[in-house]
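I have placed the structure first, in the form of C-alpha cells, so that the comments after it can refer back to it.
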Amino acid sequence: MQIPMSAPDITQAEIEAVMEVLCTPHLSLGPRVTQFEEAFAAYVGAKYAVAVNSGTSGLHLAVIAAGIGAGDEVITPSFSFIASANCVLYERATPVFVDIDPLTGNMDPALVEAAISQRTKAIIVVHAFGQPADIDPILAIARKHHLVVIEDACEALGAQYKGRQVGTLADVAVFAFYPNKQMTTGEGGMIVTDNAEWAALFRSLRNQGRDVFNAWLNHTRLGYNYRMDEMSAALGLAQLRRIDELLARRDAVAALYNDQLATIPGVDRPYIAETTTRMSWFVYVIRLPNGPTRDYLMAYLQEQGIPSRPYFTPIHLQPFYQQTFFRGRGDLVYSEMAGETCLAIPFSGVMQPEEIDYVCEHLRAGLERASESLWPAPRARINSLR
Ligand SMILES: *Cc1c(COP(=O)(O)O)cnc(C)c1O
C-alpha cells in the first residue's frame, strides 16, 4: 500500500466553481476574491480579510504593517515552519527565537519577557499543528511593552483558544491555503484584522502599491504582486462552504489515530492544552523516545510505502540560518529536542480507516524492530530478566 502524506478534500462543487471562473473574462481582480474575503472574515469573526497569494506573502505584509524595519527585533518561536521567521528577514529585521513549552510545542509565554530588548517591535505567535498558543500572557506582555502581536494562524484555521476564534486574538492574523492545510486554494493566504487602515494598506501592498481609490498605475508605495487569482478564490469559497465538514473529517481521523496509538508503547500522542477549546487538526505529530528511534522508524515506514516527516526542524538549525547567524545548537533546548523526536505521520481529512490501520500496524512493528536493532544488548538483558 502507498499512503500519501496528505491530500486535499476536493468535491464536484469545487471543480465546478473553478470551471465557472474559466468561462468568464475575469481570471484576476474579479468578484470572487471579494466574495471569498467577506465570507472568510465572517467565518473567523474579524472585520476585514484581505486575500493574498500565499501565507508567506500575508506574513510579509503583516510585518510591514507593524512598522518592522532594519535593525528591529521580532520575538518568535524557532520550532515552526520557516516562513514565520523569513518574513522578518524580508524587512531586514532580526528574529529572536524563544523556546517552546515541551508539551504543546508552542512558544513558552514565560520566556517572552526576557527576550525583549530596546529594539523589539513585535511578537509573531505561531499556533503550531493547529493548536492555539497560550496567547493571553503574551498579549499582556506585549501591551506592557507596546509591541504588535501577529498571529501566524497558517496551521490553525477554525481552532479556538478559551472559546475565542484563532485569528481574532491579536492585532493581525495570517492564514494559508496550501493543499495540505485544513482548506486549500492551491496556493493562497488570507490576512485578517479589525484595523481598517491596515486592511487598506494590505490591499495596496498586494497590488504593487497602488492606492485603492487611486487611478490605475498610480503607485503610492513600494508594493508587490501578492494578488490572489479568481480560480483560487472560487476554490476557496467552495471549500469555506464546507469548512465544518472539512474540520470534522480531520477530527475523525485524529480520533482514530488517538485510539490506536494509545496501545503502542514508545509513541507519545499529541498533547492538547486546557486552553485549547477547539483543536483544528493540521498535522498529526507523534513523539518518539529519541532521535535514533525516530530516524530508524522513518526509514522503516518508507519501505512500507508510508511517508513521514521530521516536523518541525527548528528554524535556527536550518542550513541558511546556521550559515547566516553562525548559531550553534544548544540554546533552545526543548525546540531542539522536539526537532529530534517529533514525527508527522500521514494525515488528511480524506484518509480511510484501512489506511490508518496500515500506518499504525507498521508503526508498532517498526518500533519493535527499532529497539531490537538499535539497542540489542540492553534488550537481550531486559528479556533475560523477565
Ligand atoms: C503553511 C504555513 C505558512 C505559510 O505557507 P505558504 O506555503 O506560504 O502558504 C506559514 N507559517 C506556518 C507555520 C505554516 O505552516
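Laboratory data are not the source of any read-out in this text; all were calculated from the coordinates shown. What you see is a predicted model, and the numbers here were worked out from it, not measured in a lab. Here Cβ is always computed from backbone atoms with ideal geometry, including for glycine, and neighbour counts include all displayed protein chains.
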- Query: Given H placed 1.01 Å from N in the peptide plane, which residues other than close sequence neighbours of V126 have an amide H under 5 Å from its amide H?
  - Reply: M107, D152
- Task: Please work out the Cα center distance from the range 191-243 to the range 18-67, rounded to the nearest Å.
- Result: 6
- Message: Counting just the Cα atoms, what span does the chain cover along each of its three principal axes? Round to the nearest Å and put the largest first.
- Response: 82, 54, 38
- Whole-Hz Karplus ³J(HN,Hα) for the range 239-254, in order, using 6.51 cos²θ - 1.76 cosθ + 1.60 and θ = phi - 60°, x for Gly and Pro? 5, 5, 4, 9, 4, 4, 5, 4, 6, 5, 5, 5, 4, 5, 5, 4
- Using only alpha carbons, build the gyration tensor for the range 15-108 and give me the equivalent ellipsoid semi-axes, biggest first, whole Å. 33, 17, 13
- Query: Got a sec? Which residues in the range 292-335 would a label at Q352 touch, if it sits 7 Å along Cα→Cβ and we count backbone N under 18 Å?
  - Reply: 305-307
- Message: Going by average Cβ density within 10 Å per residue, which order do the peptides 120-128, 198-206 take, highest to lowest?
- Response: 120-128, 198-206
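Quote the charge dipole size of the range 156-219 about the Cα centre in Debye, to the nearest 20; the model charges only the Cβ of Lys and Arg (+1) and of Asp and Glu (-1). Don't jump to the answer; show the numbers that get you there.
Working: 6 positive and 5 negative charges, 36 e Å.
About 180 debye.
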- Item | trypsin sites (Lys or Arg not before Pro) within the range 316-373, DSSP loop, no more than 14 other Cβ atoms inside 10 Å | R329
- Query: HN-Hα J couplings of the range 18-27 from phi, Karplus 6.51/-1.76/1.60, θ = phi - 60°, integer Hz, Gly and Pro as x?
  - Reply: 6, 4, 4, 4, 5, 8, 10, x, 9, 9
- Message: What distance in nm lies between label points placed 7 Å from Cα along the C-beta direction at T11 and D136?
- Response: 3.7
- What whole number of Å gives the distance from the Cα centroid of the range 83-111 to the Cα centroid of the range 273-324? 17
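Quick check on the range 155-209: what are the equivalent-ellipsoid semi-axes from the Cα gyration tensor, as sqrt(5λ), descending, whole Å?
Equivalent ellipsoid of the range 155-209: 21, 18, 5 Å, largest first.
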- What is the magnitude of the charge dipole of the range 20-159 about its Cα centre, with +1 placed on the Cβ of each Lys and Arg, -1 on the Cβ of each Asp and Glu, and no other charges, expressed in debye to the nearest 20? 400
- Out of residues 5 or more away from G223 or on other chains, whose amide H comes under 5 Å of its own, with H placed 1.01 Å from N in the peptide plane? G209
- For the range 115-131, what does the Karplus curve 6.51 cos²θ - 1.76 cosθ + 1.60, with θ = phi - 60°, yield as ³J(HN,Hα) per residue in whole Hz, taken in order and with x for Gly and Pro? 8, 7, 10, 4, 8, 5, 10, 7, 10, 9, 9, 9, 9, 6, 6, x, 9
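Would you mind working out the magnitude of the charge dipole of the chain relative to its Cα centre, with +1 at each Lys and Arg C-beta and -1 at each Asp and Glu C-beta, to the nearest 20 Debye?
Roughly 560 debye for the chain.
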- Under-5 Å amide H pairs with T94, H placed in peptide plane, nonlocal only: G71, D72, E73, V74
